[in-house]
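What follows is a short report on a single structure.
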Amino acid sequence: MLIDFHTHVFPDKLAPHAMESLSQKAGLQPLTDGTLSFTERLMRAQGADDFVALNIATTPHSEKKVNDFAIATNVAHPAFGSVHPLSENALDELHRIKALGLKGVKFHHEYQNFFADDERAFPLYEKIEELGLVAVFHGGADPGFAPPWKATPERCARVIGAFPRMNLVVAHLGGLLMADDALT
């Protein structure tokens, strides 16, 4: 079975704006229109049996809507929710993510504007570990942001050291301008 573990989809109404914004910020041309239906067609055409939709709460007040969309997406395809470390409701939202069947939580430290090893996020990591959820970090650089990058191999290693039982996936860590750093 072939599963693309790292996709991003948006509600149909938000997809055009999201894709345009991401394209301009990163200076890259997207290969999809960002909708669930387009991603489903693309995955079938490419021979993928399924995909995991990773959602990102870019602001504290967006996490409930982001997670509502993840929960709706999770009916047809596995989806991860997201919490924002500055949200006063983040711990409750982690419980909701778990209770409603999502398997994990996506963090994109650049878009969420916090360092991976920022101790303000430690209560979230602790709760993720306790609930048995999977955390996915956008690791390494991001073409839409200038250094200092917020989820470097060194910073992610600190998180792993502090939370050795947390199920953590650090996506494309060395593949985004940090291959040498990831090897040390």
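The values are calculated or read from the model by the stated rules, or taken from the named source; none is laboratory data. Just so we're clear, the structure is a prediction, and the values are computed from it rather than from any experiment. As a convention, Cβ positions derive from the backbone with ideal geometry for all residues, glycine included, and neighbour counts pool all protein chains shown. Ligands, DNA and RNA are excluded from the accessible area calculation, which covers all protein heavy atoms including side chains. Shrake-Rupley method; radii C 1.70, N 1.55, O 1.52, S 1.80 Å.
When you take every Cα atom in region 105-178, what is the radius of gyration, and what is Dmax, the widest Cα pair distance, in Å?
11.5, 34
Rounded to the nearest 10 Å², what accessible area does Tyr111 have for a 1.4 Å probe in the complete protein model?
60
Using a probe of 1.4 angstrom, how much of the accessible area of the chain is carbon and sulfur, in percent?
57
Ignoring ligands, DNA and RNA, how do Glu154, Glu88 rank by accessible area with a 1.4 Å probe, largest first?
Glu88, Glu154
I'd like to know how the chain sits against the 2.2 N^0.38 Å rule of thumb: what's its Cα Rg over that expected value?
With N residues counted in the chain, Rg over 2.2 N^0.38 Å equals 0.99.
Considering the zone a paramagnetic label at Ser37 would reach in this model (a point 7 Å from Cα along the Cα-to-Cβ line), which residues of region 67-106 have amide N under 17 Å from it?
Output list for this probe position: 73, 76-77.
Just to confirm, what accessible area per residue do you get for the chain at 1.4 Å probe, in whole Å²?
Details: 9670 Å² over 184 residues.
Spelled out: the 1.4 Å probe surface of the chain, per residue, equals 53 Å².
As a check on your grasp of the helix formula, calculate [θ] at 222 nm for the chain: sum -39500 (n - 2.57) over DSSP H runs of n ≥ 4, divide by the residue count, round to the nearest 500.
Numbers: 8 runs with 73 residues, N = 184.
For the chain, the value works out to -11500 deg cm²/dmol.
For the pair Leu100/Asp4, report the inter-label distance in nm, with labels modelled 7 Å from Cα in the Cβ direction.
In this crude spin-label approximation the distance works out to 2.4 nm.
So, counting K/R as plus one and D/E as minus one, what does the shell of residues with Cβ under 15 Å around Arg165 add up to? Intermediate values should be presented prior to the final figure.
Working: positive: Lys127; negative: Glu126, Glu129, Glu130.
With Lys, Arg at +1 and Asp, Glu at -1, the net is -2.
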